Amino acid sequence: NKRVFDIAGCRAFQLCYAQSDLGNLFKMGEEIIVYKNIDELKKLIEYYLVHEKERREIAQNSQKRAYGEHTYRHRLEGILGLIK
(Lines give C-alpha, C1' and ligand atoms only; values in the text may rest on other atoms or scores of the structure.)
Protein backbone atom coordinates (compact mmCIF):
# COMPACT_ATOMS: atom_id res chain seq x y z
CA ASN A 1 0.00 0.00 0.00
CA LYS A 2 1.48 3.33 -1.07
CA ARG A 3 0.15 4.94 2.10
CA VAL A 4 2.72 3.04 4.22
CA PHE A 5 5.52 4.77 2.29
CA ASP A 6 3.79 8.16 2.39
CA ILE A 7 3.42 7.97 6.17
CA ALA A 8 7.01 6.82 6.61
CA GLY A 9 8.22 9.65 4.37
CA CYS A 10 6.48 12.17 6.64
CA ARG A 11 8.30 10.72 9.66
CA ALA A 12 5.01 9.70 11.22
CA PHE A 13 4.56 6.69 13.48
CA GLN A 14 2.25 4.01 12.17
CA LEU A 15 0.70 0.77 13.30
CA CYS A 16 0.04 -1.52 10.35
CA TYR A 17 -1.89 -4.71 9.97
CA ALA A 18 0.64 -7.55 9.59
CA GLN A 19 1.12 -8.41 5.94
CA SER A 20 3.70 -10.87 4.68
CA ASP A 21 5.54 -8.40 2.44
CA LEU A 22 6.04 -5.65 5.06
CA GLY A 23 8.97 -7.56 6.54
CA ASN A 24 10.76 -7.29 3.21
CA LEU A 25 10.34 -3.51 3.16
CA PHE A 26 10.82 -2.39 6.77
CA LYS A 27 12.40 -3.86 9.91
CA MET A 28 9.62 -4.98 12.21
CA GLY A 29 9.82 -3.39 15.63
CA GLU A 30 12.49 -0.90 14.55
CA GLU A 31 10.98 0.86 11.54
CA ILE A 32 7.37 -0.22 11.62
CA ILE A 33 5.04 -1.79 14.16
CA VAL A 34 2.50 -4.39 13.09
CA TYR A 35 -0.48 -6.04 14.73
CA LYS A 36 -2.29 -9.28 13.92
CA ASN A 37 -5.65 -8.71 15.60
CA ILE A 38 -7.72 -6.02 17.28
CA ASP A 39 -6.64 -6.99 20.80
CA GLU A 40 -2.99 -6.65 19.87
CA LEU A 41 -3.72 -3.30 18.22
CA LYS A 42 -5.37 -1.99 21.39
CA LYS A 43 -2.35 -3.02 23.49
CA LEU A 44 0.08 -1.42 21.05
CA ILE A 45 -1.91 1.82 20.99
CA GLU A 46 -1.86 2.00 24.79
CA TYR A 47 1.86 1.23 24.89
CA TYR A 48 2.99 3.71 22.24
CA LEU A 49 0.81 6.53 23.57
CA VAL A 50 2.88 6.37 26.74
CA HIS A 51 6.29 5.76 25.09
CA GLU A 52 6.73 8.89 23.00
CA LYS A 53 10.53 8.67 22.64
CA GLU A 54 10.32 5.13 21.26
CA ARG A 55 7.49 6.15 18.96
CA ARG A 56 9.55 9.03 17.56
CA GLU A 57 12.61 6.82 17.04
CA ILE A 58 10.57 4.27 15.09
CA ALA A 59 9.06 7.03 12.95
CA GLN A 60 12.52 8.45 12.25
CA ASN A 61 13.86 4.99 11.36
CA SER A 62 10.99 4.39 8.95
CA GLN A 63 11.62 7.72 7.25
CA LYS A 64 15.30 6.90 6.78
CA ARG A 65 14.38 3.55 5.24
CA ALA A 66 11.71 5.09 2.99
CA TYR A 67 14.08 7.77 1.65
CA GLY A 68 16.99 5.35 1.42
CA GLU A 69 15.25 2.50 -0.41
CA HIS A 70 11.64 3.21 -1.33
CA THR A 71 11.38 6.33 -3.46
CA TYR A 72 10.05 6.49 -7.01
CA ARG A 73 13.64 6.92 -8.14
CA HIS A 74 14.57 3.61 -6.52
CA ARG A 75 11.66 1.87 -8.19
CA LEU A 76 12.43 3.33 -11.62
CA GLU A 77 16.11 2.43 -11.36
CA GLY A 78 15.09 -1.12 -10.49
CA ILE A 79 12.74 -1.34 -13.47
CA LEU A 80 15.29 0.14 -15.85
CA GLY A 81 17.90 -2.29 -14.53
CA LEU A 82 15.63 -5.16 -15.49
CA ILE A 83 15.12 -3.81 -18.99
CA LYS A 84 18.84 -3.44 -19.79
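The values are calculated or read from the model by the stated rules, or taken from the named source; none is laboratory data. Bear in mind that the values here come from a model prediction, so they are computed numbers and not experimental data. Cβ atoms come from the backbone with ideal geometry, glycine included; neighbour counts cover every protein chain shown. Please note that ligands, DNA and RNA were not included when accessible areas were found on the heavy atoms of the full protein model with its side chains. Shrake-Rupley method; radii C 1.70, N 1.55, O 1.52, S 1.80 Å.
Can you count the Lys pairs in region 19-84 with C-alpha separation below 23 Å, eight or more apart or on different chains?
Lysine pair count for region 19-84: 8.
Suppose all protein chains stay in the model; what accessible area per residue would a 1.4 Å probe give for the chain, in Å²?
Normalised by residue count, the accessible surface of the chain is 74 Å².
Counting C-alpha atoms alone, how compact is region 1-48: give Rg to one decimal and Dmax as a whole number, in angstrom.
Cα radius of gyration and Dmax of region 1-48 are 10.5, 28 Å respectively.
For the chain, what is one quarter of the convex hull surface built on the Cα atoms, given in nm²?
Hull-based average projected area comes out at 5.6 nm².
Considering only Tyr72, Val4, Ser20, whose Cα is most displaced toward the positive end of the charge dipole of the chain, charges sitting on Cβ of Lys, Arg (+1) and Asp, Glu (-1)?
Selected residue: Tyr72.
Pick out, in residue order, every one of the GluC sites (Glu not before Pro) in region 1-52 that is DSSP loop and has at most 12 other C-beta atoms within 10 Å; say none if there are none.
Glu30
Tell me, what is the percent relative contact order of the chain, built from C-alpha pairs under 8 Å that lie six or more residues apart? Numbers along the way, then the final one.
Working: 68 pairs, mean separation 31.6, N = 84.
Dividing the mean separation by the residue count of the chain yields 38 percent.
Figure the gain on full extension for Lys43 and Arg11 (residue separation times 0.36 nm, minus the Cα-Cα span) and round it to one decimal in nm.
Numbers: separation 32, 0.36 × 32 = 11.52 nm, distance 2.22 nm.
Full extension of this stretch gives 9.3 nm more.
Calculated FRET efficiency, His51 and Gln19, Cβ-Cβ r, R0 25 Å, to nearest 0.05?
Computed FRET efficiency for His51 and Gln19: 0.55.
Ignoring any ligand, DNA or RNA, what whole percent of the accessible area of region 39-83 comes from carbon and sulfur when the probe is 1.4 angstrom?
58
Using amide H atoms built 1.01 Å from N in the peptide plane, name the residues 5+ places from Tyr35, or on other chains, whose amide H lies under 5 Å from its own.
Cys16, Tyr17, Ala18
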